[in-house]
Amino acid sequence: MTHTMWRRLPRTSPEAAGVDRAAIAKLTEQLDLLGTHSLLVLRHGAVVAERFWAPHTAERPHQMFSVSKTFTAMAVGLAVSEGLLTVEDRVVDLLPEAAPAEVSDKLAAMRVEHLLTMTSGHAGDLFETFDGLGDDWPRALLAAEVVREPGSRFLYDTAATYLLSAIITRLTGQRLLDYLTPRVLAPLGITDATWEQDPRGIDMGGFGLSVTTEDMAAFGQLLLQRGRWGDAQLIPASWVETAAANHVDSSVQGWGVDASIGYGYQMWRCQPGCARADGAFGQFIVVWPEHDAVVAITSGSQRTQDQLDAVWGCLGSAFGTGQALPAPDDADARADDAEPDADRIDRADDGADSQPLQLELPQGVAWTAAADLVDGRTFALDTEVPVPEAPPGTPPFRTVTVRRDDDGIVVDVGPLRGHARYGAWGTTTDGGVVPTTSSAYAWTDDRTLEVRVAGLGMPFVWTIRLVVAADGASIDVAVDQNVSFGARELVRATARRVRATAR
């Protein structure tokens, strides 16, 4: 990806856009405590603040989770504008091959709008309740019982968004990503988006999209501009307005303050009266018309309401009247207002501190006597431990190895590898459950090694703790994951040294 593609939106100083830079600094401080990976703030169409927490970078696409839903909703709006369907069309008529032989009255009443507003009438998120969908997901989902009258109650259901993707694919003969690309993504400069698919090649719709933070910000700016980009109306303005409006009471979900304000077409309403695309573990695109602003955030956080509260609390009064503010008086701030170097991608002209941001590192020393007891040795777990939520065929946690290399250490715990540096994040592309990771390590006491493995472009950080026995004959193994839909404690086991075989 070229530099201009992931740094293509105009930049300006906060003061030029009427934004208080002290508020940006305060927001950065608060987000730093909440597992944030990146932040972009736009005002009047220009980036006034940008932050990337190492090892995450501007050019790497990040998993969006349910932010994907808003992209899907815009695709539906385009299809409506092209006369391919209406929001009042029945779902079973749009997916006739997937409809069951006996269509219940409630299923017959399910419309496209019910999928858009999460009021399909199902008892829960079908992706969570199904043990297996086979290879024909639309058929399996339409066979599920519709327990309530569609439109009567909000209930968050990612499968509903998947069905919207399936509808787009059937009507256009294209996967959702291919349909969106020439109409929306390419004009915005979004060139490296990917979308996970089901066994038949249907994009997931409700999750599975990966784009950069700059892509998120550009998409948010498009929504702020009611679908207009330059001289082109990419998405009908009326559709964007309708999607961002409140259609249904979402408080019944019981997920917290900003999940209780209301829900539109695959967008959430927010406390300050704005709207957002929202993905698990802290992926956000906030569209804030009152202040002509967009906020894009990626994260690996379980404290997502705290992140939104930080945005409202720090930025709510930071935008002022929208008129330019006086330039800062201090020399450091004036230096930061200079045009940034082409390679400096961690911030806009916003007075960011020169100390780079990074995810929290293990604290301790680089080497202890216990390190010599495990260096180059293999340890076998007493009991094999399967990897939760891993793809089929993923090997279990079975062995542990630790060895030194030129840059630090390499630790393998089953399929999880940490190619780690001391005091910094070291990036590698070799092997393991995660295709590309960055790792750091420290000996936190005389016998405890801690390795953190950050998945790049994803919210996950795995923490490996190995406690070495005094004689080096065994180690106690703990592996934890920072965020998860299920268990975060992955391994608690003892591993015993495997004796080298004679040659």
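The values are calculated or read from the model by the stated rules, or taken from the named source; none is laboratory data. No experiment lies behind these values; they were computed from the predicted model shown. A quick note on method: Cβ atoms are made from the backbone with ideal geometry, for glycine too, and the neighbour counts reach across all protein chains shown.
Checking the conditions here, which among Arg403, Arg417, Arg465, Arg421 is in a strand (DSSP E or B), touching a residue at least 24 places away in the same chain (Cβ under 8 Å) and closer than 30 Å to Gln283 by Cα? The match here is Arg417. One residue alone among Gly393, Gly351 is surrounded by 12 or more Cβ atoms within 10 Å (Cβ to Cβ), at pLDDT below 85 and part of a loop (DSSP other than H, G, I, E, B), and that residue is Gly351. The set of residues from region 241-265 being touching a residue at least 40 places away in the same chain (Cβ under 8 Å), over 21 Å from Gly282 (Cβ atoms) and touching a strand residue (DSSP E or B) at 6+ places or on another chain (Cβ under 9 Å) comprises Ala243, His247, Val248, Asp249. For region 481-493, check the following and say yes or no: at least one residue is assigned to a loop (DSSP other than H, G, I, E, B), of a type in the set (Lys, Arg) and either out of contact with any Pro (no Cβ under 9 Å at 6 or more places or on another chain) or modelled with pLDDT of 90 or more (or both). Checking region 481-493: at least one residue is assigned to a loop (DSSP other than H, G, I, E, B), of a type in the set (Lys, Arg) and either out of contact with any Pro (no Cβ under 9 Å at 6 or more places or on another chain) or modelled with pLDDT of 90 or more (or both). Selection of first residues in region 281-303 that are more than 9 Å from His37 (Cα to Cα) and of second residues that are part of a helix (DSSP H, G or I) and of a type in the set (D, E, K, R), restricted to Cβ pairs under 9 Å at least 6 apart or on distinct chains, gives the following pairs, ordered by first then second residue: Ala296/Glu214; Ala296/Asp215. A residue that is surrounded by fewer than 16 Cβ atoms within 10 Å (Cβ to Cβ), outside the structural domain of Met458 (by TED's automatic domain parsing), in contact with a helix residue (DSSP H, G or I) (Cβ under 7 Å, 6 or more places away or on another chain) and part of a loop (DSSP other than H, G, I, E, B) occurs somewhere in region 76-87. Being part of a strand (DSSP E or B), crowded, with 22+ Cβ neighbours inside 10 Å and among the polar types (S, T, N, Q), is that true of even one residue in region 282-293? Looking through region 282-293, at least one residue is part of a strand (DSSP E or B), crowded, with 22+ Cβ neighbours inside 10 Å and among the polar types (S, T, N, Q). Just one of the listed residues (Thr191, Thr213, Thr181, Thr242) is surrounded by 21 or more Cβ atoms within 10 Å (Cβ to Cβ) and polar (S, T, N, Q), namely Thr213.
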